[in-house]
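Here the structure is laid out as structure tokens; the discussion comes afterwards.
Here, each number is a calculation from the coordinates, and none is a lab measurement. If you're wondering where the values come from, they're calculated on a predicted model, not measured in any experiment. Positions of Cβ are backbone-derived with ideal geometry, glycine not excepted, and every protein chain shown enters the neighbour counts.
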Amino acid sequence: MAGNIFGTLFRLTTFGESHGEAIGGVIDGCPAGVEIDLEEIQKEMARRKPGQSSIVTQRKESDTVKILSGIFEGRTTGTPIGFVIENDNQKSKDYSHIKDVYRPSHADYTYDQKYGNRDYRGGGRSSARETACRVAAGAIAKQLLKDIKITAFTSAVGKLKLEKKYSELDFNEIEKNAVRCPDGATAEKMETYIKEIRSQGDTVGGVVECVITNVPAGLGEPVFDKLHAKLGQAMLSINAVKGFEYGSGFEGAEKKGSEHNDLFNEDGSTRTNYSGGIQGGISNGMDIYFKVAFKPVATIMQKQDTINSGGEKVEMQGKGRHDPCVVPRAVPIVEAMAALVLADFYLLNKTSKI
Ligand SMILES: Cc1cc2nc3c(=O)[nH]c(=O)nc-3n(C[C@H](O)[C@H](O)[C@H](O)COP(=O)(O)O)c2cc1C
Ligand SMILES: C=C(O[C@@H]1CC(C(=O)O)=C[C@@H](OP(=O)(O)O)[C@H]1O)C(=O)O
């Protein structure tokens, strides 16, 4: 199975399945001397972990990151950073009924077609459990990046949208509610809606927005590894993601050049920022901002038609502990993936000129 490594210099490899003994990873290429606060890593893990509130999956995991190597007396040594996160609360019997049956729109059918030997328990490697490793590595990348600030938040749950621009928001509000929306009144509506959807045995999609401030100009490696191309790959590699747009995105397509050009100030900053902080695949020093769209979770507690591995039509209903909406827990995953991309480009940029 290829595809388990992300990054060029700051490079993360992850391993593990949702109902196996443990998941984990190796970060290769983190320079020596980075001060690492282990509590910060655990704080990030707590923002993603299952069972954190009543509107997410009720699987209970501590998601304690055990560092095996690469950090000595609070600082990185430049050697591979190995870590494991144990799986403590699997309920594999919730998956016995889909041993030979494919959940519509999960990865059961495609994994079976590709590999022919599927760990059906908890979705195996296709489970978003794997994203815990990304958050652990992202927390280390954030500590390398120091002053570059990456902030994600929930901006939509189904049709309920946060109608404010990011410049009008108080980011201190994000962690004050379970949905991670920086507007208390909208957050309350979103939470009520997620509970209602869950009581119907259904699920709902949503949008996570991310803003990155204090970015130096020069990050990104044209032509194939443009900054927005790597951010897009990073975001689209997260489970359940259906869309990525940065800067003016799809709305920009409706504008004229005379409206859309970001005119310069004398210091090189721009009066507007339709470019989303990236031009020609390279950061220009303005804020980077993007949106990530998540689909409604595939495993629903309602009967649906499907097929089994013999190609026969059968009826199935999801069982067990699933997220009614992924966005509250996707917020730290989006931040982590953005941190991995920026850490990689930060190191690569040191080779761009003498
Ligand atoms: C934070 C998070 C939590 C998720 N929780 C569930 C879940 O409880 N049940 C489920 O069926 N899918 C869940 N998913 C989505 C599946 O992992 C994903 O749909 C599946 O791997 C198929 O991949 P795809 O949707 O990207 O095509 C979750 C995704 C994320 C990001
Ligand atoms: C375990 C996590 O989330 C899981 C993601 C997931 C899926 O299909 O993606 C399905 C559920 O798995 P299980 O049935 O084993 O509880 C979620 O709980 C986690 O994020 O750590």
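For this structure, a couple of remarks:
- Partner aspartates and glutamates for Lys149 [C-alpha distance under 12 Å; skip if fewer than 8 residues away on the same chain]: Asp287, Glu335
- Partner lysines for Lys93 [C-alpha distance under 21 Å; skip if fewer than 8 residues away on the same chain]: Lys60, Lys303, Lys319
- Classified by the C-alpha gyration tensor, the range 49-173 has an oblate form. Its axis ratio a/c, with a ≥ b ≥ c, is 1.5 or above, and a/b does not exceed b/c.
- Top of Phe264, Phe290, Phe244 by mean-square fluctuation, Gaussian network on the chain, Cα under 10 Å: Phe264
- Taking amide H atoms as placed 1.01 Å from N in the peptide plane, the amide H of Gly243 lies under 5 Å from those of Ala293, each 5 or more residues away in sequence or on another chain.
- Top positive-direction residue, dipole computed over the chain with Cβ charges, set Ile307, Gly206, Ala137: Ile307
- Cα gyration tensor, the range 120-208 - rounded (a/c under 1.5), prolate or oblate: oblate
- Within the shell defined by Cβ-Cβ distances under 10 Å, the residues around Gln304 carry a net charge of 0, with Lys and Arg each +1 and Asp and Glu each -1.
- Within the chain, helix-based [θ] at 222 nm, where runs of 4 or more DSSP H residues each add -39,500 (n - 2.57), nearest 500: -7500 deg cm²/dmol
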